[in-house]
Amino acid sequence: MSEKNQKQAIDQDLFNHLVQLASLDLSQEEAEYLRAELNNQLKVIYELEAIPLGDETEITTHGVPYTPHITPDVRDDHWQACPNPEDILAQAPKIKDRYVVVPDIPHTDLD
């Protein structure tokens, strides 16, 4: 990475702050891996930013221009009953009144 990119890399303090904001519970190994992957992604972004583009290149949010003549029509949404709900429910570890029961997801309120 260049010196400019080194300054903008995700350092340990910023990473710890992001982990706290996301309420992630990571092992040391997971944290090191994730921080390295995020910095690898930033490196690629910096490399893409370095590609010279002419003034005639329009800013876009997508690489493919979806013009009206190539954009497919929105399909109609039709509800269809599941033909085998009992087979699907039989695969769930816990059922109550024909609903799949999932464990509570613990959370903490942010200040």
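Estimated from the Cβ-Cβ distance and a Förster radius of 30 angstrom, the FRET efficiency linking D109 and L53 is about 0.10. Please check: in the Gaussian network model of the chain (C-alpha springs, under 10 Å), which one of D73, D13, D25 has the largest mean-square fluctuation. Largest GNM mean-square fluctuation: D73. Dividing the summed helix terms, -39500 (n - 2.57) for each DSSP H run of n ≥ 4, by the number of residues in the chain produces a 222 nm estimate of -11500 deg cm²/dmol to the nearest 500. Sites count as exposed loop sites when they are GluC sites (Glu not before Pro), lie in a DSSP loop, and have at most 15 other Cβ atoms within 10 angstrom; the longest stretch of the chain without one is 1-55. Phi angles of region 34-50 translate, via the Karplus equation with coefficients 6.51, -1.76, 1.60 and θ = phi - 60°, into HN-Hα couplings of 5, 5, 5, 5, 4, 5, 5, 5, 4, 4, 5, 4, 4, 5, 5, 4, 6 Hz per residue; Gly and Pro are given as x. Out of (i) 49, 45, 19; (ii) 60, 51, 28; (iii) 59, 30, 22, which label holds the value of Cα extents along the principal axes in Å that was computed here? Structure-derived value, by its label: (ii). For the pair H17 and Q80 in one chain, pulling the backbone fully straight at 0.36 nm per residue adds 18.1 nm over the alpha carbon distance. Orientation-averaged projection of region 42-87 equals 7.9 nm² [convex hull of Cα atoms, one quarter of hull surface area]. Counting charges near H17 (Lys, Arg +1; Asp, Glu -1) among other residues having Cβ under 13 Å from its Cβ returns a value of -1. Taken per residue, the accessible surface of the chain reaches 98 Å², heavy atoms only and a 1.4 Å probe.
What a 1.4 Å probe finds exposed on region 34-111 is 57% carbon and sulfur by accessible area, rounded to a whole percent.
The values are calculated or read from the model by the stated rules, or taken from the named source; none is laboratory data. Quick caveat, the model's predicted, so the values are computed rather than measured. Please note: Cβ atoms are built from the backbone with ideal geometry, for glycine as well, and neighbour counts cover all protein chains shown. Just so you know, the surface numbers come from the protein's heavy atoms only, side chains and all, with ligands and any DNA or RNA stripped out. Shrake-Rupley method; radii C 1.70, N 1.55, O 1.52, S 1.80 Å.
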